[in-house]
Amino acid sequence: MPAGMYETYITSVGARHFAARAERIAKIQTREDAEARQAEVRAICGEIFGAWPERAPLNVKQVEKRACDGYQLEILTYESLPGMPVTANLYLPSGSGPHPGVVVPIGHWVAGKAHEEHQRLGQLFARRGIATLIFDGVGQGERVQNFDVVLRRSWVGKSVTDEHTILGNALFLTGHHLGLYMMWDAMRGLDLLCERPEIDPKRLGATGASGGGSLSRYLACMEPRLSAVCTVADNYQADSLGGGDAEQNLFGSIARGVIALDMLMAFAPKPLLLAYCTGDKAEQRCKDNLAEVGAWYDRFGARANVDAFIAEGPHGYLKAIRTRSAEFFAKAFGLPGEMPAEPTTPLEPAEALNATETGQVLTSLNSVDLFTYHRERIKDWPPAIALPSNEKQARDLQESLREKIRPHLRFTEPQAPVEGLVEGHGTDWGLAVEKGRLVVEEGIYLPYSFYSAPDGPEGRVARPTVLALHERGLSAIAAQGRWMALMAGGGFNIMAVDVRARGETRVEPARDDGDPYDALLLGSEASWSRRTLNVGLNLFGGRVFDALRTLQYLRTRWDVKPERISVVGIGRGALWALYAAALDEKVARTALLRGLSNYKSLAVRRRANHHFSISLPGALKDFDLPHVAACAAPRPVTLVNAVNQRRERLPAQQAEREYALTQEIYKRFGAAGEFRVVTTDCQRETLLALAAALGVTPAENAAQQETFPE
């Protein structure tokens with residue numbers, strides 16, 4: 001793992017959870033205790049994945065059936081959810097059966113079921129007497145979720161991972177999990193096999209490579225009908241913090257003592273094969289995982305039922321692994337006979353395996369995509385609340401909202417005061433500057449720059465102060481010397497800080513300095529945001545915590561008027577500032593520039609240009625940003641140029657409609673004019689709006705030449 005401040009902090013949090021889990025596992029010796037642990041793992045994973053959809057008719061449609069050498073190939077569709085067809089190829093052994101059946105979730109290959117390694121897998125398994133259902137997962141093959149008819153691909157990007165991540169981000173915000181729906185496709189595939197008279201419903205298995213291996217691991221834990229599982233190139237280490245593809249993160253699991261291997265251990269004592277590739281440099285991982293899972297199988301007296309295998313070659317479902325897994329399933333299912341050779345006939349082109357005319361369910365079958373299905377489910381979220389009729393009821397409502405907000409932020413109240421470490425003094429743009437670090441909790445420090453207003457006739461006195469939170473860190477504030485000089489000229493100090501993992505403490509910055517859109521979805525900060533959630537914390541909540549702790553620190557300074565501390569936030573910083581103002585009732589004024597107007601737009605609009613790190617998984621079940629703003633009443637709050645899900649400025653009337661609830665709460669306090677929505681058309685107007693919001697009266701000539709950070 002990298003050795004930066006934040007990476008080290010989260011890695012240490014994870015290490016404590018891993019150690020606690022290992023200690024607990026070591027105490028489990030009897031089969032009864034092991035079975036209780038398995039039930040616990042399934043329950044925890046079930047809570048994280050969420051409730052299963054209801055089973056509806058599969059509406060299986062056979063598009064084509066072909067006789068092949070030793071098997072039959074059926075091209076078909078089935079509906080995993082109403083109106084949502086899954087495209088699949090069924091490789092069916094010759095003969096009447098009943099045959100065992102295996103479902104194959106595909107890894108992150110754009111071709112989906114037509115990928116050459118999976119074609120060969122289906123052919124070999126069918127010739128060995130195993131019916132094999134290989135289906136397209138969401139975002140690949142014929143099921144691209146964001147298909148563009150002009151580009152002839154997903155507009156999100158060229159990779160399946162991009163498709164999964166943009167969809168998974170929207171689902172997480174509402175407390176839903178993409179992995180649940182991807183498992184559901186496989187489970188409904190098992191339903192399809194069980195309905196076939198040629199298939200034995202008591203001999204079912206699952207196997208997949210890469211992301212398909214991860215899904216096979218999920219199924220091993222959550223699908224009781226399976227009697228054998230083979231995971232391939234599921235390169236998960238016991239001490240992994242996760243962080244990659246959206247469906248491969250189980251938020252809070254590590255904090256609750258569940259890691260990837262626990263999902264495999266939940267499958268004991270049934271037959272399990274773990275296959276790896278040398279190209280993934282997985283030799284040691286293979287040994288370590290087999291040792292831990294094997295020791296668990298010993299508790300069931302079933303050590304012979306688990307094995308591991310490593311094949312020479314690159315990442316994928318290699319030929320050697322296909323042969324080994326076919327042998328594994330044949331033994332697990334009690335199939336007689338010998339292993340046939342893998343066919344050498346030419347592979348089918350993807351078009352020949354299509355179940356749709358155009359090659360996409362969205363354009364051929366008018367399919368309901370998962371995004372649309374999810375949007376319909378949350379159309380009434382967050383739940384409506386009754387408007388208070390007086391100030392007392394409004395205050396009660398605020399407190400109930402804060403009680404809903406705090407758990408999503410996942411931070412605890414600090415036990416020690418903030419430690420301020422002064423590292424130097426200087427001047428910048430004619431202002432006195434104090435530079436240092438704030439130690440807000442063990443392992444987390446915030447670089448800061450404190451800009452002092454010039455002394456007046458009265459000498460050095462305590463002054464009003466603005467805490468400035470910019471999404472790019474304090475350097476973005478420091479670059480705007482004229483703005484700071486203007487604030488100082490109005491008698492204000494300015495405190496600029498780098499919240500955790502921004503500015504000087506950015507995580508692996510080189511990875512995020514390439515493709516900007518890729519960085520939003522899969523960059524280093526996005527990955528560490530997911531890792532933070534996996535260990536039971538929240539990067540966004542940590543940044544709000546940093547803002548709150550900085551406010552506490554400012555109130556201890558002799559040169560700051562504690563009752564006159566305001567907050568300004570820019571971009572993502574607008575959200576950190578908003579939450580800080582909602583939770584700290586001593587904040588005097590709040591100005592938010594180019595902040596997201598509401599979470600729901602991220603969940604109901606396809607194209608979103610906001611960073612994953614602003615998300616609070618499950619927040620939309622309880623509240624949205626207008627609810628957060630209502631918690632700041634009756635103190636002044638100004639939204640300047642609020643933006644939509646694509647970071648486009650909202651018209652003032654639309655922003656006012658979205659914040660109608662907030663306005664009503666302010667009215668109950670008799671402070672209707674203290675919540676304002678402002679749009680500006682130039683930098684001068686923006687400056688004047690921010691100055692007014694913060695209680696600064698700038699000189700007109702200064703305002704005319706001023707700019708504000710972008």
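Values quoted throughout were computed directly from the atomic coordinates according to the rules given, and no laboratory measurement underlies them. Everything numeric here is computed off the predicted structure, so don't read it as measured data. Every residue, glycine as well, gets a Cβ built from its backbone with ideal geometry; the counts of neighbours run over all protein chains shown.
At a glance:
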read-out: Label zone at Ala320, where the point sits 7 Å out along the Cα-to-Cβ direction: region 281-297 residues whose backbone N lies under 20 Å; value: 281-291
read-out: 19 Å cut-off, amide nitrogen to a point 7 angstrom out along Glu403 Cα→Cβ, residues in region 593-617; value: none
read-out: Label-reachable residues, region 391-419, where backbone N falls under 16 Å from a point 7 Å from Ser12's Cα toward its Cβ; value: 415-416, 419
read-out: Relative contact order (%) - criterion: Cα under 8 Å, at least six apart; region: the chain; value: 13
read-out: Cα-only radius of gyration and Dmax that characterise region 391-704, units Å; value: 18.7, 57
read-out: Residues Asn390 and Arg31, FRET efficiency given R0 of 56 Å [Cβ-Cβ distance, rounded to 0.05]; value: 0.35
read-out: Cα principal axis extents for region 59-147, largest first, Å; value: 40, 28, 20
read-out: Amide H within-cut-off set for Val643, under 5 Å, with H built and near neighbours excluded; value: Gly595, Leu596, Ser597, Leu650
read-out: Expected 222 nm ellipticity per residue - DSSP helices of 4 or more, -39500 (n - 2.57), all of the chain, to 500; value: -11500 deg cm²/dmol
read-out: Simple label model, 7 Å out from Cα along Cβ direction - Glu413 to Gln237, nm; value: 3.9
read-out: Region 578-710: proportion of alpha-carbon pairs further apart than 27 angstrom, %; value: 20
read-out: Mean projected area (nm²) of the alpha-carbon convex hull when region 368-453 is viewed from all directions; value: 12.1
read-out: Note, ³J(HN,Hα) from phi for region 432-437, Karplus 6.51, -1.76, 1.60, rounded to Hz, x at Gly and Pro; value: 6, 10, 9, 10, x, 9
read-out: Region 504-631: projected area of the alpha-carbon convex hull, averaged over directions, in nm²; value: 8.9
read-out: Cα pair count fraction exceeding 35 Å, expressed as % - region 11-337; value: 17
read-out: Ranked by how many other beta carbons lie within 10 Å on average, peptides 623-631, 25-33, 472-480 from highest; value: 623-631, 472-480, 25-33
read-out: Cα-Cα pairs of the chain separated by more than 41 Å (percent); value: 37
read-out: Ratio of Rg to Rh over region 276-324 (Cα coordinates, Kirkwood Rh, two decimals); value: 1.05
read-out: For region 391-704, share of DSSP beta bridges that run antiparallel, in % to the nearest 5; value: 50
read-out: Of Lys379/Lys600; Lys65/Lys158; Lys113/Lys270; Lys270/Lys319; Lys61/Lys202; Lys287/Lys331, pairs whose Cα-Cα distance is over 21 Å; value: Lys65/Lys158; Lys113/Lys270; Lys270/Lys319; Lys61/Lys202; Lys287/Lys331
read-out: Backbone HN-Hα couplings from phi across region 488-495 [Karplus 6.51/-1.76/1.60, Hz, Gly and Pro as x]; value: 5, x, x, x, 10, 7, 10, 10
read-out: Equivalent-ellipsoid semi-axes of region 428-508, from the Cα gyration tensor, Å, largest first; value: 25, 14, 9
read-out: Percent of beta bridges antiparallel (DSSP, region 571-710, rounded to nearest 5); value: 10
